Every structure is written in C-alpha cells, then in structure tokens.
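A.B. asks: First, the structure itself, so that you have it in front of you.
The values are calculated or read from the model by the stated rules, or taken from the named source; none is laboratory data. These numbers come from a predicted model, not from an experiment. Here the Cβ positions follow ideal geometry from the backbone for every residue, glycine too, while neighbour counts run over all protein chains shown. Quick note on the areas: whole protein, heavy atoms, side chains included, nothing else; ligands and nucleic acids left out. Shrake-Rupley method; radii C 1.70, N 1.55, O 1.52, S 1.80 Å.
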Amino acid sequence: YREPELVIDRRLTLLGVGWPVLVGGDHQILTVTGDGVTITGFVLREVSPSATDDRAAIKVRDAGGCRIENNTLIDTFFGIYLSRAAGCVVRGNRIRGSGTTEALSGNAIHSWSSNDLRIEGNLVRGHRDGIYLEFTTGAVVRHNTSSGNLRYGLHFMFSNQCEYTDNHFLANGAGVAVMYSHHVLMERNTFAESWGSGAYGVLLKDISDSRLAGNRFDRNSTGLFGEGTNRVEVTGNEFTRNGWGVRIMADAHETAFTGN
C-alpha cells in the first residue's frame, strides 16, 4: 500500500493480518498522536533520508500508552521515533537499515523527551544508532540485539533512572555511549567487536551514581572507557580479548572496581 502520511489521533488497534506492506517515500508512514494506540503485524518500508526532517516509519508524538509490537521495518530513515511519549512499549520489532553515512542515516529506535518506556526484544541493525535516548527518564531497555550500526549500538544522553539489561551490542562502529546521566543500571549485557581508534565497548562520560554489573566486554579496542565518572560501581564484569580492558581518566571520583 502506497499512501500519504497516515495520522492516528484516537485510541485503536491497527492489526496487520498476513503481513501487509506499507510503503513510504519522502514522508512518514504512520504518525500517532492519540493515546493507547497499538500497531502490530506490519511491514513498513522505504522512508527516504532527509537532511531537514526526522521522518520515520512510525512516529509517536505527544501521546501515551502506545504499543508498537512485532513489526518489520526495512530501509526507513528513522525506524520508530518517540517524541514526548509516555508509558509506551516497543517490543519484538525487526528494524533493518542500509545506511552508508551517518549524515543520511537515522536511528532505528529513537526517543526524545519521553518517560517510562519499555524497549524489549527488538532486533536492530544498519542505522546510525541502534537505540538512541535523549532527555528520557525511567526507560527499561532489555533483551534487544543491536548490531552493525554505523555509530553506536546504544547512545543516550541526559537520561536518568534508566535500566539496560540482557542486551547484545555487537560490531557497532563505536560501541555504546552513556553520557551526562545519573542513576543508570547496566547489567548482564554483551558489548563486543567494536574496533577502531575511537571505538569502545562502553564509553561513560559525566555519569554518576550508576552501576555496571555482570556484563561481558569482548574484542573491543577499549572495553570500558570512563571520563568524569562519579560514584560508579563496576562489579562482576568479564573483560576478554580487548585492546585495553579498562581506561579511566583522572577526573573519576569514588569509582569502585570489584570482582571483575
């Protein structure tokens, strides 16, 4: 189906039977502005890149309680974009991009100024960032696989009280970046195969009151890099076959390493 941008402004369930295909172009495919909308069972394809418009296959804007589950997104600029969304669930989606430059690649799952999100069980690859969160509070990100993205598998900034558990971040350009945030929990994740002069398994910058526990850092140029870390606990992690296991700058305060 090739349609103009479709706007859903009321509570409903959009259920795809037999995997119907929605094809975009130089516009978004679905824009959700109503609360309590569910979108499941669709293939969404071919949203063209733009230097001026963050167009997406599915954009949720100023809405709450939405569920985006079990869809397939192929070659969309941004995949799923949450803007000022609350209490939404993004689960079980397969999102594949084919970007070759960061400037013309969007993020697979993108959140801006949102809260209380659940991002679970998604497979994302081939975008600028696999999962990107900015000014997002209370997000739970778990059981996702983010691989082969141009920049970061996970990138978040100014996002507090968030949990990232049981995810796999594999062969992304620069690994995972955790920046300008506090009260972040990262447990039982795998960070692997990020090689290059500026590549890390995890980059921590200006992070405080946070915990990394039970993670696996394997085959990265630097497993864990920390700058401006305050009251961060790093415990029970496994570092194997990295260039540097850990690099911590001198501006780290009360950062504790135990049982690694």
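A.B. asks: Please give the length that would be gained between Asp251 and Asp9 if that part of the chain were fully extended, namely 0.36 nm times their separation in residues minus their C-alpha to C-alpha distance (nm, one decimal).
C.D. replies: Here the answer is 82.3 nm.
A.B. asks: May I pose another question? For segment 97-107, what does the Karplus curve 6.51 cos²θ - 1.76 cosθ + 1.60, with θ = phi - 60°, yield as ³J(HN,Hα) per residue in whole Hz, taken in order and with x for Gly and Pro?
C.D. replies: With coefficients 6.51, -1.76 and 1.60, one gets x, 9, x, 10, 10, 5, 4, 10, 10, x, 9 Hz.
A.B. asks: Comparing Gly121, Gly153, Gly18, which has the greatest mean-square fluctuation in the GNM of the chain with Cα pairs linked when under 10 Å apart?
C.D. replies: Sorting by GNM fluctuation, first place goes to Gly18.
A.B. asks: Let me ask something else about it. Please report the relative contact order for segment 178-260, taking Cα pairs under 8 Å with a sequence separation of at least 6, and give it as a percent rounded to a whole number.
C.D. replies: 28 percent
A.B. asks: Near the amide H of Asn230, under 5 Å away, which other amide H atoms are found, from residues 5 or more places off or on another chain, if H is placed in the peptide plane?
C.D. replies: HN-HN under 5 Å from Asn230: Ile207, Ser208, Asp209, His253.
A.B. asks: Summarise the accessible area of the chain (1.4 Å probe, protein heavy atoms) by the percent that is carbon and sulfur.
C.D. replies: Carbon and sulfur: 49 percent of the exposed surface of the chain.
A.B. asks: Once both labels are modelled 7 Å past Cα along the beta-carbon direction, what's the Arg231-Arg142 spacing in nm?
C.D. replies: 2.5 nm
A.B. asks: Given contacts defined as C-alpha pairs under 8 Å and at least six residues apart, what's the relative contact order of segment 127-172, whole-number percent?
C.D. replies: Averaging sequence separation for qualifying contacts and normalising by length gives 48 percent for segment 127-172.
A.B. asks: Using the Karplus curve 6.51 cos²θ - 1.76 cosθ + 1.60 with θ = phi - 60°, work out ³J(HN,Hα) for each residue of segment 67-76 in order, rounded to whole Hz, and write x for Gly and Pro.
C.D. replies: So the Karplus estimates, Gly and Pro as x, are 10, 10, 9, 6, 10, 10, 10, 10, 6, 9 Hz.
A.B. asks: Identify the trypsin sites (Lys or Arg not before Pro) of segment 5-75 meeting these criteria: DSSP loop state and at most 15 other C-beta atoms within 10 Å of the C-beta.
C.D. replies: Sites meeting the loop and neighbour criteria: Arg10, Arg11.
A.B. asks: Measuring with a 1.4 Å probe in the full set of protein chains, what accessible area per residue, in whole Å², belongs to segment 134-210?
C.D. replies: It amounts to 33 Å² per residue over segment 134-210.
A.B. asks: Counting only residues 5 or more places away or on other chains, whose amide H sits under 5 Å from the amide H of Asn70 once H atoms are built in the peptide plane?
C.D. replies: Amide H neighbours of Asn70, under 5 Å, 5+ apart: Arg91, Gly92, Asn93.
A.B. asks: Another question, then. Ser197 versus Thr40, label points 7 Å from Cα toward the beta carbon: distance in nm?
C.D. replies: Label at Ser197, label at Thr40, 4.9 nm between them.
A.B. asks: Which semi-axes, in whole Å and largest first, does the equivalent ellipsoid of segment 141-260 have when worked out from the alpha carbon gyration tensor as the square roots of 5 times its eigenvalues?
C.D. replies: Over the Cα atoms of segment 141-260, the ellipsoid semi-axes are 19, 15, 14 Å.
A.B. asks: Considering amide H positions built from the backbone, and no H for Pro or chain starts, which residues 5 or more places from Val7, or on another chain, come under 5 Å of its amide H?
C.D. replies: HN-HN under 5 Å from Val7: Thr31.
A.B. asks: Which value in nm describes the separation of the simple spin-label points at Ala171 and Trp19, placed 7 Å from the Cα toward the beta carbon?
C.D. replies: Simple spin-label model gives 2.2 nm for this pair.
A.B. asks: Three principal axis extents, largest first, for the C-alpha atoms of the chain, in Å?
C.D. replies: 54, 33, 32
A.B. asks: Okay, next question. Could you work out the relative contact order of the chain, using alpha carbon pairs under 8 angstrom and six or more residues apart, expressed as a whole percent?
C.D. replies: 9 percent
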